[in-house]
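**Q** I'd like to ask you about the structure that follows.
Every read-out reported here was derived from the displayed coordinates using simple, explicitly stated rules and does not represent laboratory data. Everything numeric in this text was worked out from a predicted model, so none of it was measured. Neighbour counts run over all protein chains shown; Cβ positions are idealised from the backbone, glycine included.
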Amino acid sequence: MITSFIKWLIIGSLTIILAIIAILISFFSPMLATLTVVKFWGKSILFISGVKLKVDGIENIENKPTIVMYNHKSFFDIFAFASFMKFDWRAMMKKELLKIPFFGQAVQVMGHYFVARDGSFSDRREVVKILKRIKSGKTIFIAPEGTRNTNPGLLEFKDGGFFIASKTQVNIVPMIIKGADSIVKKNSFKINKGEIKIKILKEIDITSYDKDKKGISELKKDIKKIFESEISS
């Protein structure tokens with residue numbers, strides 16, 4: 001536990017220092033901050049924690065507007081994909097994260113997207129603004145479960161990410177993460193050495209789905225089936 005305490009202390013200190021640097025760089029180029037500071041942050045935390053990372057299918061994420069959906073088991077999910085992304089990206093985050101000193105200011109300046117705890121947006125104008133940015137923007141990471149799931153299997157998928165995909169006609173790339181929940185187990189602060197395996201599947205063309213409520217529901221159902229099949233394999 002003492003070793004884990006030291007690791008968390010280093011991770012926290014590193015996050016503060018790099019968040020300040022990211023804020024300063026982001027005033028000039030958020031993309032540069034993402035591809036240098038954020039990438040170094042992810043790699044460093046995995047190294048400090050003794051976590052190995054195996055990624056298959058990275059070629060399935062292209063440098064274009066794309067919605068990457070991932071099963072969210074641990075904070076280490078974010079550390080992992082931050083460490084290997086070679087293109088500029090953003091993430092959909094809960095607004096509560098803005099309250100974290102330094103980290104909150106950094107992700108806001110860098111242009112990440114924020115939703116309420118239940119996955120909803122504060123007002124219609126915010127929705128329109130986000131949709132426009134995503135349609136002409138970068139790769140965006142969304143956890144369709146809406147929050148970290150520390151239990152086996154998957155939580156019910158929220159509508160938000162599928163609504164965004166439908167309205168922007170931006171395709172979805174499923175990203176399956178295994179092993180992250182064993183690094184820091186439920187109700188524990190101990191950091192265990194281990195391996196995180198990430199499998200990035202081929203892009204799902206969403207244009208065949210209707211843009212109405214029924215089409216969005218069908219899209220959500222089909223994507224969840226893909227996750228369930230991959231996670232159980």
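**Q** For every helix of n ≥ 4 consecutive DSSP H residues, a contribution of -39,500 (n - 2.57) applies; sum these over the chain, divide by its total residues, and give [θ] at 222 nm rounded to the nearest 500 deg cm²/dmol.
**A** Calculated from helices alone, the mean residue ellipticity at 222 nm is -13500 deg cm²/dmol.
**Q** Taking the Cα-to-Cβ direction at K197 and at L155 and moving 7 Å from each Cα, how far apart do the two end points lie in nm?
**A** Taking the simple label geometry, K197 and L155 are separated by 2.5 nm.
**Q** Taking the Cα-to-Cβ direction at L131 and at F102 and moving 7 Å from each Cα, how far apart do the two end points lie in nm?
**A** Going from the L131 label point to the F102 one covers 3.9 nm.
**Q** Which angle between 0 and 90 degrees, to the nearest 10, do you get for helix 213-232 versus the longest principal axis of the chain when only C-alpha atoms count?
**A** 40 degrees
**Q** Related question: With N set to the residue count of segment 38-166, report its C-alpha Rg divided by 2.2 N^0.38 Å to two decimal places.
**A** 1.05
**Q** When the Cα atoms of the chain are enclosed in a convex hull and the volume is divided per residue, what value in Å³ results?
**A** In the chain, the Cα hull volume divided by residue count equals 118 Å³.
**Q** A further question follows. List the chymotrypsin sites (Phe, Trp or Tyr not before Pro) within segment 1-76 that fall in a DSSP loop (any state other than H, G, I, E or B) and whose Cβ has at most 13 other Cβ atoms within 10 Å.
**A** F27, F28
**Q** With axes computed from alpha carbons, what is the tilt in degrees of helix 39-49 against the longest principal axis of the chain, rounded to the nearest 10 within 0 to 90?
**A** Roughly 50 degrees, rounded to the nearest 10.
**Q** Starting from segment 179-222, pick out the trypsin sites (Lys or Arg not before Pro) whose DSSP state is loop and whose Cβ has at most 11 other Cβ atoms within 10 Å.
**A** Sparse-neighbourhood loop trypsin sites (Lys or Arg not before Pro): K186, K193, K202.
**Q** Taking GluC sites (Glu not before Pro) that fall in a DSSP loop and have at most 15 other Cβ atoms within 10 Å as cut points, what is the longest piece of the chain between them?
**A** The answer is 63-155.
**Q** If you keep only loop residues by DSSP, which chymotrypsin sites (Phe, Trp or Tyr not before Pro) in segment 158-203 have at most 14 other Cβ atoms within 10 Å of their Cβ?
**A** Passing both the DSSP loop test and the Cβ count: F189.
**Q** Given H placed 1.01 Å from N in the peptide plane, which residues other than close sequence neighbours of A91 have an amide H under 5 Å from its amide H?
**A** It is Y113, F141, by chain and number.
**Q** Also, quick follow-up: Under unit Cβ charges (Lys, Arg +1; Asp, Glu -1), what dipole magnitude, rounded to 20 debye, does the chain have relative to its Cα centre?
**A** Dipole size: approximately 360 debye.
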